[in-house]
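This report refers to the structure that appears directly beneath it.
The values are calculated or read from the model by the stated rules, or taken from the named source; none is laboratory data. Predicted model only: the values in this text are computed from it and were never measured. Neighbour counts run over all protein chains shown; Cβ positions are idealised from the backbone, glycine included. Surface accessibility is based on the protein's heavy atoms, side chains included, excluding ligands, DNA and RNA. Shrake-Rupley method; radii C 1.70, N 1.55, O 1.52, S 1.80 Å.
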Amino acid sequence: MSVAAGKAVERGNVLSIRDLEVDFFTARGRAHAVRGLNLDVVRGEILGVVGESGSGKSVTALTVMDLLPPGTGGIISGSIDFGGKDLATVYSSKYRVAGRKGKQKLRIKPFAARRVEKIMGRSRKRISMIFQDPMASLDPLYQVDSQLLESIMYNNEAFMIGKCLEKNIIIDSQSEFTSVLQDKSTADILTWLSGRFGEAGFHREVFFIHNMSISESEKKIKIRRAIDFTKRLSSSERVRLKSRLSSRTGRFFRPNNRKRLPINRIHDPVVREAMLFSLELLEFVGMPNAENVLTSYPHELSGGMKQRVMVALAVANDPEILIADEPTTALDVTTQYQVLYLLKSINRKLGTTIIFITHDLGVMAAMADRIAVMYAGRVVEVGPAGRFFNDPLHPYTSGLLRSVPQYDERVKKLYNIPGQVPDLRRLPTGCAFHPRCDKVMGICSEKLPRATDFRERRVECWLYLEGEDDGDR
Amino acid sequence: MVTDELVSLDEISVRYDLRGSSLSRSKIYLNALNGVSLNILKGETLAVVGESGSGKSTLAMTVLGLLRHWKGSIAYHFSRHDILNNSERKMKRSELRELWKRSSIVFQDPYSALDSKKLVKDIIAEPYLGHGKGGRQESEERSKELIRQVGLTEDHLGFYPDQLSGGQRQRVAIARTLINEPELIIFDEPTSSLDVSIQAQILNLILDIKEIHSLTYMFITHNLVVAKHVSDRMLVLYLGNVMEIGPTESIFSGPLHPYTKLLISSIPVPKSGYEMTQRESREADVNSVNLPGGCAFHPRCPVATKYCGWKSSEVMKLVIREAYLMLGLENLQGETADELSFRLTAPDAETAVSVNRMITGRDSFRIERSEVKENIVSCTLHAPWTPRLSQVGDRLVNCVLFDEEFKMQNGVSPPRSGR
């Protein structure tokens, strides 16, 4: 495992999951939702996760976000490495497994959530998620701007400094950035910023800028003003801001339904900046008529617009990883196209890593750079997207590909994988897919195949392990 | 395939009353269907596709005679009875019973479609007993036969729905529709809540059942690839209007209506090397409550012409924005005179001339004619043309580009202004 971990750092993995096991404790027994999952997410890629319902793809996403319903399920073992921090140990410190064998339960430890919040700190905010149903994930009682503001203010410090610099410095590309650097005090600020977020991160911080057609001297004046502003902020205003926003629950900003006030009449400069930023966010996600949308309630928006608001919310804190759990299943095909295009451009322009969960193979082809196929809580095949469609290795992958109706050719009868996804409480022995597999062998029902690298991919199937049946016993 | 009509719909219009309470004075209606005419042929599968809110499900409800307030008439030509359902006259109870015996529906969500307090055998037998076709003995025999046909075993008859998976429930729902030997089955998104591999199983089953029982299908879906797989003919709906109808193969190989083109080009293809291209996002605030004049699709249409039903307020906004972007004019005042004309007030006569030059130089403003007087530019739009379904090859298309009547009146088809 240590070798694999060393390799992971080399490739620039932003998230690596090792031997993750997640169980749910139900009245009818213990369900193994995720069983020994190994998955690496490379920085800057779109990783597609495919699988049927019950394959554990959503559970994995929820585990990474620490959103598993409390008391029903939790991490049993394994590690989730994110930025040098093991999320799995932090999350699983909230509860312990208790009770007799067969009737086990999760006991939540007191004050657990607050402790996790404390340990996680900022890194928690570097992962955000988009859910399937936009209506269910927006609060119907609050206007869109309150919800955006909540998300922005939660991350206040970095946002404020980045934001104020952004507002006053007009930098669009790396070359302009270097020409501006001659001013020494600016250089300090910028080095500090890039030290904090990395060069790419800095670039991201100043992404939302429109006005580029001003002279060099004008830029310098604006930079000077920006620095002054930041300095002023770091003394009195910052203290005021912190005392006003902090609360013990970790919810810094409570959304409220303001009167529909024009942005330039908002008294508080911080809220005004945040409002302007939310407007920019909405424009960035291609929202037509963004100003009106800002003061609408979620029910006043169409499905596609709601999903755009969700995307705006998710990118508000400039996350490193964006997990999209079937974000377009509830949308029409034309709207789906636009939301997919938006997510792809976020990945390409901002460099945000996206984990894209879907069961639609067409959507997968449009989005993913790499594809991981999940079945019964394990990744059975993972590799580049191109190879996946032309040359599927695992019998389950090829079964999935053959069971979707083809767009350009008409087949009389669709292939169907016999049977159905197994009950997670009573999984078949050996490879969980063997009762449905058309290439089943004797060994399949006896032993779980180990992962092997084969034609650029990592696959878990006895077909590619011939002659090694009892090699590692 | 016999090419007789099984159901023919004539000018079906449905509108829902949206008044919040009986006290509110304003009348708001949702126009779910606007004069839809079509035939469902015996033995075919007609796919109905469209976005949500296009009236697909309302169409299904109307065909099944489940709506109370609607306009138009539907003629059913079942093998033993002909039934006419006209909105002018209430159907007799016996006619309704006959209609409901001969037609049936499979819903999208198999979890809410089956009564969770009944055994599977009772669920399947209920329509049979309800229509008084026979006793318990017969119904049980038929249930046993049908449950095997849909790929389950007799043991499943003793189960409750919550003991079954989604795919199995959908099989039970299909078995239930078959028990009265219907001639027409309507599928309302039968596979959209199912997994890929289960969807393949159910689609295969649906096609097999059709062969065995020689049925006619109306298949509602928003998944165009599924529609292509199952159907012989396809109907494209948009905001309650038929946009295009014709053989599925030819619609997919060469869509004519701009909306059909948009739909088909939006399908992500599960092949490697599929790339998306940037598309102008044109989300218009259009819905069935405030239907646009002319063609319903024109605010979103990429090739809309000046005949398609533009309103002066829309075009005025566009011109002012373009004048800002192209000429840098910030203080251009606009004022609408009526639905079809508006005036722009420029700061001086010179700018007015340049604005006018910009307008006449481009077709995409959809302005019929414009005049300059001093510093005022007055523009007039073309009266909206409401297209009618016209025959193009083997299809019917509802677009001004293919409208024969428009061609006769104006001599030529309108020029296609691609934007």
### Query
Does at least one position in segment A:267-283 carry a residue that is at the interface with another protein chain (Cβ under 9 Å from one of its Cβ atoms) and surrounded by 22 or more Cβ atoms within 10 Å (Cβ to Cβ)?
no
### Summary
By residue number, the members of segment A:364-393 that are surrounded by fewer than 24 Cβ atoms within 10 Å (Cβ to Cβ) and among the β-branched types (Val, Ile, Thr) are A:VAL382
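Matching residues to (1) over 22 Å from B:ILE186 (Cα atoms); (2) assigned to a loop (DSSP other than H, G, I, E, B); (3) not assigned by TED's automatic domain parsing to the domain that holds B:PRO182:
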| site | (1), (2), (3) |
| --- | --- |
| B:MET61 | no, no, no |
| B:ALA75 | no, no, no |
| B:LEU84 | no, no, no |
| B:MET91 | no, yes, no |
| B:ILE105 | no, no, no |
| B:PRO127 | no, no, no |
| B:LYS144 | yes, no, no |
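Give the residues of segment B:195-214 that are of a type in the set (A, V, I, L, M) and free of Cβ contacts under 8 Å to residues at least 60 places away in the same chain, sorted by residue number. Even if it seems obvious, please write down each step before you answer.
As a first pass, look at segment B:195-214 and keep what is of a type in the set (A, V, I, L, M): B:196, B:198, B:200, B:202-203, B:205-207, B:209, B:212.
Within segment B:195-214, B:VAL196, B:ILE198, B:ALA200, B:ILE202, B:LEU203, B:LEU205, B:ILE206, B:LEU207 qualify.
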### Query
So B:GLU98 fits all but one of (1) in contact with an Asp or Glu (Cβ under 9 Å, 6 or more places away or on another chain); (2) charged (D, E, K, R); (3) open to solvent by less than 40 Å² (accessible area, probe 1.4 Å); (4) not in a loop (DSSP other than H, G, I, E, B); what number is the exception?
(1)
### Query
Could you say which residue among B:GLN170, B:GLN149 is of a type outside the set (Ser, Thr, Tyr), in contact (Cβ under 8 Å) with a residue 40 or more places away in the chain and within 14 Å of chain A (Cβ to nearest Cβ)?
B:GLN170
### Query
Going through segment B:192-234 one residue at a time, which ones are of a type in the set (Ser, Thr, Tyr) and at the interface with chain A (Cβ under 10 Å from one of its Cβ atoms)?
B:SER192, B:SER193, B:SER197
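Between B:ILE83, B:ILE124, which is open to solvent by less than 20 Å² (accessible area, probe 1.4 Å), away from chain A (no Cβ under 14 Å) and at pLDDT below 90?
Working: B:ILE124 fails: at pLDDT below 90.
Sole residue among the options that is open to solvent by less than 20 Å² (accessible area, probe 1.4 Å), away from chain A (no Cβ under 14 Å) and at pLDDT below 90: B:ILE83.
Among the residues of segment B:254-277, how many are within 20 Å of the chain's Cα centre (by Cα) and at the interface with chain A (Cβ under 10 Å from one of its Cβ atoms)?
Looking only at that region, the number is 7.
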#### Entry: Qualifying positions in segment A:291-307 - open to solvent by 10 Å² or more (accessible area, probe 1.4 Å) and in a helix (DSSP H, G or I)
A:GLU291, A:ASN292, A:HIS299, A:GLU300, A:GLY303, A:MET305, A:LYS306
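Yes or no, residue by residue, for (1) of a type outside the set (Val, Ile, Thr); (2) out of contact with any helix residue (DSSP H, G or I) (no Cβ under 9 Å at 6 or more places or on another chain); (3) at pLDDT 75 or above:
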{"position": "B:LYS373", "(1), (2), (3)": "yes, no, yes"}
{"position": "B:CYS379", "(1), (2), (3)": "yes, no, yes"}
{"position": "B:LEU389", "(1), (2), (3)": "yes, yes, yes"}
{"position": "B:GLY393", "(1), (2), (3)": "yes, no, yes"}
{"position": "B:GLY411", "(1), (2), (3)": "yes, yes, no"}
### Task
Would you tally the residues in segment A:349-376 being more than 12 Å from every other protein chain (Cβ to nearest Cβ) and among the aliphatic types (A, V, I, L, M)?
7
### Task
Select, from A:LEU448, A:LEU400, A:LEU424, the only residue that is under 21 Å from A:THR60 (Cα atoms), open to solvent by 40 Å² or more (accessible area, probe 1.4 Å), within 31 Å of the chain's Cα centre (by Cα) and touching a residue at least 12 places away in the same chain (Cβ under 8 Å).
A:LEU448
### Query
In segment B:235-253, how many are buried (at least 23 other Cβ atoms within 10 Å of the Cβ) and either at the interface with chain A (Cβ under 9 Å from one of its Cβ atoms) or hydroxyl-bearing (Ser, Thr, Tyr) (or both)?
1
### Cross-chain or 6+ apart pairs with Cβ under 8 Å, segment B:317-337 first and under 17 Å from B:ARG366 (Cα atoms) and not assigned by TED's automatic domain parsing to the domain that holds B:THR360, then in a loop (DSSP other than H, G, I, E, B) and not charged (D, E, K, R)
none
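Return yes or no: is A:ARG378 among the basic types (Lys, Arg) and over 17 Å from the mean Cα position of the chain (by Cα)? First the steps, then the outcome.
On the way: among the basic types (Lys, Arg): yes; over 17 Å from the mean Cα position of the chain (by Cα): yes.
When the stated conditions are applied, A:ARG378 passes them.
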### Task
Would you confirm whether any residue within segment B:278-299 is within 14 Å of chain A (Cβ to nearest Cβ), closer than 30 Å to A:ASP391 by Cα and part of a loop (DSSP other than H, G, I, E, B)?
yes
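If I ask for residues that are under 30 Å from the mean Cα position of the chain (by Cα) and either surrounded by fewer than 19 Cβ atoms within 10 Å (Cβ to Cβ) or at positive phi (or both), which ones from segment A:427-445 would you list? Quick ask: steps written out before the conclusion?
Of segment A:427-445, the ones under 30 Å from the mean Cα position of the chain (by Cα) are A:427, A:431-433.
Within segment A:427-445, A:LEU427 is the sole residue that qualifies.
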## Note on the structure
Screening A:LEU424, A:LEU401, A:LEU414 for residues that are within 11 Å of chain B (Cβ to nearest Cβ), modelled with pLDDT under 90 and in a loop (DSSP other than H, G, I, E, B) leaves only A:LEU414
### Query
What single numbered condition from (1) buried (at least 21 other Cβ atoms within 10 Å of the Cβ); (2) in a strand (DSSP E or B); (3) out of contact with any helix residue (DSSP H, G or I) (no Cβ under 6 Å at 6 or more places or on another chain) fails to hold for B:ASP10?
(1)
### Query
Can you tell me how many residues in segment B:173-191 are within 14 Å of another protein chain (Cβ to nearest Cβ) and either touching an Asp or Glu at 6+ places or on another chain (Cβ under 6 Å) or among the aromatic types (Phe, Trp, Tyr) (or both)?
0
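Search segment A:382-398 for residues being more than 10 Å from chain B (Cβ to nearest Cβ) and in contact with an Asp or Glu (Cβ under 7 Å, 6 or more places away or on another chain), and hand back the single one that is nearest to A:ASP438 (Cα to Cα).
The first filter runs over segment A:382-398 and keeps only residues more than 10 Å from chain B (Cβ to nearest Cβ), leaving A:382-383, A:392-395, A:397-398.
Within this subset, residues satisfying the condition of being in contact with an Asp or Glu (Cβ under 7 Å, 6 or more places away or on another chain) are A:383, A:393-395, A:397.
Numbers: A:GLY383: 22, A:LEU393: 13, A:HIS394: 11, A:PRO395: 7, A:THR397: 12 Å.
Selected residue: A:PRO395.
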### Task
Collect the residues in segment A:326-348 that are open to solvent by less than 10 Å² (accessible area, probe 1.4 Å), within 9 Å of another protein chain (Cβ to nearest Cβ) and either out of contact with any Ser or Thr (no Cβ under 6 Å at 6 or more places or on another chain) or under 28 Å from A:VAL459 (Cβ atoms) (or both), keeping them in residue-number order.
A:LEU340
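Can you tell me which of B:LEU84, B:LEU64, B:LEU96 is under 22 Å from B:GLY240 (Cβ atoms) and not aromatic (Phe, Trp, Tyr)? First the steps, then the outcome.
Values: B:LEU84 fails: under 22 Å from B:GLY240 (Cβ atoms); B:LEU96 fails: under 22 Å from B:GLY240 (Cβ atoms).
Criteria check complete, one pass: B:LEU64.
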